[in-house]
Amino acid sequence: MLGGVTRMTISLTVIILECTGNIEFGLPLILTSFFARWVGNYFNEGIYDIHIHLRHVPFLDWNPPLRGAFLRVKHVMTANPKTLRTVERAGVIFDLLVSTEHNAFPVIVEDPTFGSRFFAGVILRKQLNVMLSHHDFSIEKPTPFHRQPHPASYQPDVASIGTLRHRRSRDLEANKTPRVDDKLLESPLASNYCLSYHDMENHYPRYPIPTPMHQGFQAAAHAGCIAGDELYTLLEEDRALWVDLTPYMNQTPYLIQEEAPFVRAYRLFRSAGLRHLVVVNRHNNVRGIITRRELEEEHCARCFRLVKNIDMDDVYPLSGAPPVGFFRKMRHKISRTEQVKRALINSTSIARDGESENERDTTLNELLSH
């Protein structure tokens, strides 16, 4: 029973042999555990897979869902993601970090002539938090793609201190008088230098957490310091300042076209271990973003029903639906694919009398491309 529930084979056999000391029962135990595993796979999945499903962990199986063969990336992606410009206001970034929990944001270059948003890169949430907590601001709008790490970052005697060695600390209790210019001009960041890699990773594993300014911020910041979290806020006088994202963003992330097959995005996530994947069109405009949540079988099934406007009972009859398990994936893969294909053709009234098989395949491909 334990082998059928946990799907353990060799390890369970070794444990039993060590407990009993009867090595002569090794082969019968191995055969019994394998048989229990096969029987369990026929009825349902293992207990560990069930716990992953109950805890809603976005775990991806090695093989993509069957319904994904009939979907494209644009069908499952999250459209219109939150984006940032290459040079953005500090207040916009702070509000975005407070209102969302996304791990990464696409960086775009806006074209006012054609109204396009060309993709420029991806910046992580932890990088934005470090930039705002270190007050990496500019009074005038900087020119993107022109900043570089500070020379002090390459000196071993000051590498542990970072690029902000001579920066004067900001006092959160200070009044909101126009003294921001004096503070920024005293910082090396007022020049063309930016934060170094050491400045970014010095906060690992607890990165700064954005907290809106309110009456009890000092008490919350003190409680956060006790808990090990570094809280920071953005003064009202700093919200209009500029932040250059180009030195820190990843300019060469993984991309995928919106017309690409769903299976290709799934394979890319599974093989490269990605956490997010930006979707662009053929003009390099940001169209959406994909995470592991969009690649789960449940989300894929919902998108399949919405795109094809078809009831799953017509595709998988309840009377003949195979159980979820190992043998269903191996034995019924080809038959289920043909069944889905026939249901799609019949539901859209494209299987006309006298139509050849090649013409039906062409019509089905035209349906899937829309």
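No value in this document is a laboratory result; all are computed from the given coordinates. All figures in this text were calculated on a predicted structure; none of them were measured in a lab. For neighbour counting, all protein chains shown are included, and Cβ atoms are generated from backbone atoms with ideal geometry for every residue, glycine included.
Structure summary
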read-out	value
Projected label distance in nm at Ala79 and Asn63, using a 7 Å step from Cα toward the beta-carbon	3.2
Sorted peptide list for 43-53, 5-15, criterion being average Cβ within 10 angstrom, highest first	5-15, 43-53
Extension gain from Val263 to Val109, taking 0.36 nm per residue of separation minus the Cα-Cα distance	52.5 nm
Built amide H within the under 5 Å cut-off of Ala104, gap 5+	Arg125
For the stretch 35-72 versus the stretch 116-145, the gap between their alpha-carbon centres in whole angstrom	40
Cα-derived Rg over Rh, computed across the stretch 2-54 with Rh taken as Kirkwood radius	1.06
Approximate spin-label separation Ser11-Arg239, in nm, with each point projected 7 Å along Cα-to-Cβ	5.3
Sorted by Cβ neighbour density within 10 Å, fewest at the top, the residues Val279, Val109	Val109, Val279
Around Gln257: net Lys/Arg minus Asp/Glu count, Cβ-Cβ under 11 Å	+3
Segment Phe43-Tyr204, length gained on full extension (0.36 nm per residue, minus Cα span)	53.5 nm
Pairwise label distance in nanometres, Arg305 with Asn22, each label 7 Å out on the Cα-Cβ vector	5.2
